[in-house]
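These notes concern the structure reproduced below.
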Amino acid sequence: MQIIDILLSIFLFIGVGFFSEKKKLLGKDALVALNKFVYYFGLPALVFSSLSQQNFSQFFNFKFMIVFTIGMIAVFIISKLLYLYVYPQSTKEEVTMKSMLSFLPNTAFMGIPICSVVAGKQGVLAGLMATLLMSIFQIILLPFLKEHDSERRHNLGVIVLDIFKQPFSIMIILGLLTSYFKITIPEFILESSTMLGATATPCALFAIGMALGSEKKVIQIQDTFMISLFKFTIQPLIVLIGMILLHVPHDWAISGLILSALPPAASLFIFAKEFKVYAAQSATIIFLTTICSSVIIPIMVLLGNEFILK
């Protein structure tokens, strides 16, 4: 029941955003302002508050990291090659966005609470580790979403500079350094970043609802099918095999399987909107795959308990 409650809360946030936009309650520029708030403040604060409060020595499970990373890299490469072949007319930015939707799961808002229910404290740590890995991939790929900027994209120095200029990147580095050196953060800063970070996912889901209410519905059946295939079948299968082969501890392994099978992260819509790449389609795909996940997640829990030895 707790898993169902988490899913229902997601749909509630999206539904309220949809309603507010249909009724024009927040004005015509509200979606842009909300998007920028999440991008520049909410998400960075969420990352920092999550990482800085972890015990660095207990945070890393390297077998889990290896398997989860391989799963993401494999799906990114395969999906990008497929999209380049199937959609030769698409821009490279659109192809990159589709690939990100195919392998970056909603680990923070959905993953951590669901894994907490299934695997307890180890599930929470697995969710945080997956969120860190996902965040690293996001900041690496964000410069490649900049429209028609091929000269900058092929300049390695500019790419590296763009990565480290992202609010996400700065907060990941600060969070990890704070955890590693056991820096004591003033209570008011810690409390403020925690409160600010707590707004990130609800606001992102609210923004998705607003986008569904304001923009022309763009339902790409083929795109949705292919992204769902990667997200709900190929990536979990790779992760499941890897967890078994490397003998990852049961609680970490089943959490990894669940995390790999979650729908695309809500933050991807924020990035799509910020960089004006595949935004309307992203909102619809995230919404539809989240609906599908209400069936997929219980199946993954059953598969994990069946094939991953305790």
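The values are calculated or read from the model by the stated rules, or taken from the named source; none is laboratory data. In this text, all values refer to a predicted model and were calculated from it rather than measured experimentally. Using ideal geometry, Cβ is built from the backbone for each residue, glycine included, and neighbour counts are taken over all protein chains shown.
Observations
- Number of positions in region 211-222 that are buried (at least 23 other Cβ atoms within 10 Å of the Cβ) and farther than 16 Å from Phe271 by Cβ: 0
- Search result, residues across region 166-205 that are of a type in the set (Phe, Trp, Tyr) and in contact with a helix residue (DSSP H, G or I) (Cβ under 6 Å, 6 or more places away or on another chain): Phe168, Tyr180
- Residue in region 43-56 that is assigned to a helix (DSSP H, G or I), over 30 Å from Ile183 (Cα atoms) and in contact (Cβ under 8 Å) with a residue 24 or more places away in the chain present: no
- Selection count where residues are more than 29 Å from Phe188 (Cα to Cα) and without any contact (Cβ under 8 Å) to a residue 24 or more places away in the chain, scope region 57-72: 1
- Qualifying residue in region 189-203 (condition: over 21 Å from the mean Cα position of the chain (by Cα), among the polar types (S, T, N, Q), closer than 28 Å to Phe18 by Cα and assigned to a helix (DSSP H, G or I)): no
- For the criterion of being touching a residue at least 12 places away in the same chain (Cβ under 8 Å) and over 30 Å from Leu25 (Cβ atoms), Gly256 passes.
- Just one residue in the set Ala279, Ala283 is of a type in the set (A, V, I, L, M, F, W, C), surrounded by 24 or more Cβ atoms within 10 Å (Cβ to Cβ) and either farther than 23 Å from Leu128 by Cβ or touching a strand residue (DSSP E or B) at 6+ places or on another chain (Cβ under 8 Å) (or both); that residue is Ala283.
- Qualifying residue in region 112-121 (condition: at pLDDT 85 or above and charged (D, E, K, R)): no
- Conditions (1) surrounded by 19 or more Cβ atoms within 10 Å (Cβ to Cβ); (2) touching a Phe, Trp or Tyr at 6+ places or on another chain (Cβ under 8 Å); (3) modelled with pLDDT of 85 or more: number failed by Phe68: (2)
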